[in-house]
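S.K.: Dumping the structure here so I can ask a few things about it.
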Amino acid sequence: MAEFTLELNDDQKQVKDWLHGFAADVIRPAASEWDEREETPWPVIQEAAKVGIYSLDFYAQQFFDPTGLGIPMAMEELFWGDAGIALSIVGTGLAAVGVLANGTEEQIGTWIPQMYGDADDVKVAAFCSSEPDAGSDVASMRTRAVYDAAKDEWVLNGTKTWATNGGIANVHVVVAVVDPDIGSKGHASFIVPPDTPGLSQGQKFKKHGIRASHTAEVVLEDVRVPGHCLLGGKEKLDERLARARERAKSGGERVKNAAMATFEASRPAVGAMAVGTARAAYEVALDYAKTRSQFGRPIIDNQGIAFQLADMRTRIDAARLLVWRASWMATTGKPFTSAEGSMSKLYASETARDVTAQAIQILGGNGFTREYPVERMHRDAAIYTIFEGTSEIQRLVIARTLSGMPIR
Ligand SMILES: Cc1cc2nc3c(=O)[nH]c(=O)nc-3n(C[C@H](O)[C@H](O)[C@H](O)COP(=O)(O)OP(=O)(O)OC[C@H]3O[C@@H](n4cnc5c(N)ncnc54)[C@H](O)[C@@H]3O)c2cc1C
C-alpha cells in the first residue's frame, strides 16, 4: 500500500518540467498570434509532434500513470502555456479516447495512428457528438445511422455542431442514433475515414476565446462507412442494445451508471486545463502587483490587492486538489459516490473564470488591452464552464448523485 503523498515522483517532475519548458518556450510566445489569426496553429502542433508531445504514446504514458496524476499534470502545464493552442494539441485526444473506450484492438491500431499522422505530416481528429438541438440534452440527438445489410455499410445523416477540429480532421468520430426508442442508450459511435464522400464542414465559428482551436459544424449527407467502422463491432452493439431494451423496461439503472462513471473519469482533465489557465493569469497578476506602483508604493502593498491574490491562489490550489483527487479515484477504480469528477470540473472551471477576471482588474487598464495576456486568458477561461458539460449540468449531476433523486 503506497503512503499518502501529494509530492510528484521523479519521473513526474521530469515530465512536468519538460512540458513546462515547451509551454513557456513554444506555446506561450505563439499565443497572441494564433488567437488573432483564429486558425489552427499547425506549425506548433508539428513542433509538439517532433518532440513527442503530440502522439498517442505520450497520452497513453500519462494515462497509465498509476497515481492518476499524469493527465492532470500534463493538461495544467500545456494550458498554462495557452488554452487555444493547447486545445489544438490535445483536441485529437478526445476522438482518440472515443476509439480507445469503445473500439476493438484492430480499430484502435488502424485509426488512432491516422488521427495523429506523423511529425512530417501532422493530422488532427474530431469527436462529433453535440448537435444544434442536442447540447446538454444528449438524448435528443437526431443524427441517424442506418445499417445497410446488403452492403455491410452504415449510412449516416445529420448535422453535428461545435466539433473541435470538425471538417479539418483526418478522422471524425461521430455519435449517431441507431435505435431512437431507447434514448442515449440507442447511440453508437462510428469512424468516418479520411475523404469519405458526404461529410463536409459547415460553418466555422468565430469565437470569444480559445480562438486558435478550430470549432465547426460537420454536415453528414448519406455518408456511407464500412461495417467495420462501427466502434466495438455489430455483435457487441446488438448485445448492448438488447440489454438496454430489457433494462429500459425495468428502470435502466446499470447502463446509466456506466455512462456516468465515464464522464466522472474524463471531467477532471478539463478541470486541469482550467487550473492551467487560472494559474497563468494569477502569475501575471502577482508579478504585476509587485512591480506596478501607484501612490508611491507597489499596488500589492494594498490589502485590497493582496487579499485578492491570496484568494486567487487559494482557489487555484483547492481546484487542483479536487482535480487530483478525482483523477486518482478514476485511476485506482474508486467509485464516484459524490460525483467527485463533476465537482472538480465545476470548481476548477468557475475558478478559472473568476481568477482571470480578477487578474484583469489587478492589471487595470493594461489588463483590458491585448498588450497583456490576461485579457485573452479571461476570454479563453469562459469555455471551461460550457464544454464537457456546463456548470449547471455539473451541479445537476452532483445534486442527483448526492440525493439519489431525479432532480431536474
Ligand atoms: C469551443 C467549443 C468546443 C466544443 N467542442 C466539442 C466537441 O469537440 N465535440 C462535441 O461533441 N461538442 C463540443 N462542444 C459542445 C459543448 O459540449 C456544448 O456546447 C455543451 O455541452 C452545451 O450544450 P449547448 O451549447 O447546446 O447548451 P444548452 O444545452 O442549450 O444549454 C444552454 C444553457 O442552459 C443550461 N441548461 C441546459 N439544461 C439545463 C438543466 N437541465 N438545468 C439547468 N440548466 C440547464 C446550460 O447549462 C446553459 O447555461 C464544444 C463547444 C464549444 C463552445
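S.K.: Output ³J(HN,Hα) for segment 25-32: one whole-Hz value per residue in order, computed from phi by the Karplus curve 6.51 cos²θ - 1.76 cosθ + 1.60 with θ = phi - 60°, and x for Gly and Pro.
M.R.: Taking θ as phi minus 60°, the curve returns 8, 10, 6, 4, x, 8, 4, 5 Hz for segment 25-32.
S.K.: For a quick check of your reading of the filter: which chymotrypsin sites (Phe, Trp or Tyr not before Pro) in segment 334-393 sit in a DSSP loop and have no more than 14 other Cβ atoms within 10 Å?
M.R.: Numbers: sites: Phe336, Tyr347, Phe368, Tyr384, Phe387; in loops: Phe336, Phe368, Tyr384, Phe387.
The qualifying sites are Phe368.
S.K.: So, one more: Considering only the other residues whose Cβ falls under 14 Å of the Cβ of Gly167, what net charge follows from Lys and Arg at +1 and Asp and Glu at -1?
M.R.: Details: positive: Lys123, Lys160, Lys204; negative: Glu39, Asp195, Glu217, Glu221.
The answer is -1.
S.K.: Moving on to the next point. Within segment 167-192, list the residues whose amide N lies under 20 Å from a label point set 7 Å along Cα→Cβ of Lys249.
M.R.: Answer for segment 167-192: 179-187.
S.K.: Check which residues have an amide H placed less than 5 Å from Tyr54's amide H, if you skip close sequence neighbours.
M.R.: Ala49
S.K.: If each residue of separation counts as 0.36 nm, what is the full-extension length gain between Asp11 and Asp354 once their alpha-carbon separation is subtracted?
M.R.: Taking Asp11 through Asp354 to full extension adds about 120.2 nm, to one decimal.
S.K.: For segment 103-109, in order, what is each residue's ³J(HN,Hα) by Karplus, 6.51 cos²θ - 1.76 cosθ + 1.60 with θ = phi - 60°, in whole Hz (x at glycine and Pro)?
M.R.: Computed from phi, the couplings for segment 103-109 are x, 7, 4, 5, 5, 4, x Hz.
S.K.: Considering only Ser213, Leu241, Pro113, whose Cα is most displaced toward the positive end of the charge dipole of the chain, charges sitting on Cβ of Lys, Arg (+1) and Asp, Glu (-1)?
M.R.: Of the listed residues, the answer is Leu241.
S.K.: What does the charge count near Phe64 come to, summing +1 for each Lys or Arg and -1 for each Asp or Glu among other residues with Cβ under 13 Å from its Cβ?
M.R.: Values: positive: none; negative: Asp11, Asp57, Asp65.
Spelling it out: positives minus negatives among the neighbours equals -3.
S.K.: Also: Counting other Cβ atoms within 10 Å of each Cβ, which trypsin sites (Lys or Arg not before Pro) in segment 164-217 have at most 15 and sit in a DSSP loop? Intermediate values should be presented prior to the final figure.
M.R.: Numbers: sites: Lys185, Lys204, Lys206, Lys207, Arg211; in loops: Lys206, Lys207, Arg211.
In loop regions of segment 164-217 (DSSP not H, G, I, E or B), the sparsely surrounded trypsin sites (Lys or Arg not before Pro) are Lys206.
S.K.: Moving to a separate point now. What's the exposure ranking of Val355, Val26, going from fewest to most Cβ atoms within 10 Å? Don't skip to the answer; put the middle values down first.
M.R.: Details: Val355 30, Val26 19.
With the fewest neighbours first, Val355, Val26 line up as Val26, Val355.
S.K.: Compute the Cα gyration tensor for segment 253-408, then decide on rounded, prolate or oblate, letting a ≥ b ≥ c be the square roots of its eigenvalues: rounded whenever a/c is under 1.5, prolate when a/b is larger than b/c in the other cases, and oblate in all that remain.
M.R.: Details: a/c = 2.91, a/b = 2.59, b/c = 1.13.
Prolate, because a/c is 1.5 or more and a/b exceeds b/c.
S.K.: In whole percent, what relative contact order does the chain give with Cα contacts below 8 Å and a gap of six or more residues? List each step's numbers first, then the result.
M.R.: Working: 746 pairs, mean separation 66.1, N = 408.
Once normalised by length, the contact order is 16 percent.
S.K.: Quick query: amide H of Phe336 versus all other amide H atoms, modeled in the peptide plane; which residues come in under 5 Å with a sequence gap of 5 or more or a different chain?
M.R.: none
S.K.: Next question, about the same structure. Using the basic label-point model (7 angstrom from Cα toward the beta carbon), what is the Glu3 to Ala150 distance in nanometres?
M.R.: Computed distance between label sites Glu3 and Ala150 equals 7.1 nm.
S.K.: Could you work out how far the C-alpha centroid of segment 309-349 sits from that of segment 73-127, in angstrom?
M.R.: So the two Cα centres are separated by 23 Å.
S.K.: If you don't mind, there's one more thing I want to ask. Test of understanding: express the Cα radius of gyration of the chain as a ratio to 2.2 N^0.38 Å, with N the residue count. Write down the numbers at each step before the final one.
M.R.: On the way: Rg = 21.8 Å, N = 408, 2.2 N^0.38 = 21.6 Å.
Normalised Rg, Cα atoms only: 1.01.
S.K.: Cut-off 10 angstrom, C-alpha nodes, Gaussian network model of the chain. Which of Gly186, Gly304, Gly91 fluctuates the most?
M.R.: In this elastic network of the chain, the residue with the biggest mean-square fluctuation among Gly186, Gly304, Gly91 is Gly304.
S.K.: Under 5 Å between amide H atoms, partner at least 5 residues away or on a different chain: which partners does Trp154 have, H built in plane at 1.01 Å?
M.R.: Distant-sequence amide H within range of Trp154: Asp148, Val225, Gly227.
S.K.: In whole Hz, what ³J(HN,Hα) sequence does segment 138-153 give by Karplus (6.51, -1.76, 1.60; θ = phi - 60°), x for Gly and Pro?
M.R.: Coupling constants for segment 138-153: 4, 4, 8, 3, 10, 4, 9, 10, 10, 7, 9, 5, 4, 9, 6, 9 Hz.
S.K.: What is the sum of charges around Val192, taking Lys and Arg as +1, Asp and Glu as -1, for the other residues whose C-beta is under 11 Å from the C-beta of Val192? Each step should come with its number before you reach the end.
M.R.: Values: positive: Lys160, Arg224; negative: Asp195.
With Lys, Arg at +1 and Asp, Glu at -1, the net is +1.
S.K.: Treating the beta-carbon of each Lys and Arg as +1 and of each Asp and Glu as -1, no other charges, what is the dipole magnitude of the chain about its Cα centre, to the nearest 20 debye?
M.R.: The dipole of the chain has a size of about 1260 debye.
S.K.: Let me ask something additional. Please name whichever of Ala24, Ala101, Ser327 sits farthest to the positive end of the charge dipole of the chain, dipole taken about the Cα centre and charges placed at Cβ: Lys and Arg +1, Asp and Glu -1.
M.R.: Most positive-ward Cα: Ser327.
S.K.: Within 10 Å, at most 13 other Cβ atoms, and a DSSP state outside H, G, I, E, B define an exposed site. Report the longest part of the chain free of exposed GluC sites (Glu not before Pro).
M.R.: Values: sites that count: Glu3, Glu7, Glu371.
Counting only loop sites that pass the neighbour cut-off, the longest clear stretch is 8-370.
Read-outs: derived from the displayed coordinates by stated rules, not from any lab. This structure is a prediction, so every number in the text was calculated from the model and none was measured. Please note: Cβ atoms are built from the backbone with ideal geometry, for glycine as well, and neighbour counts cover all protein chains shown.
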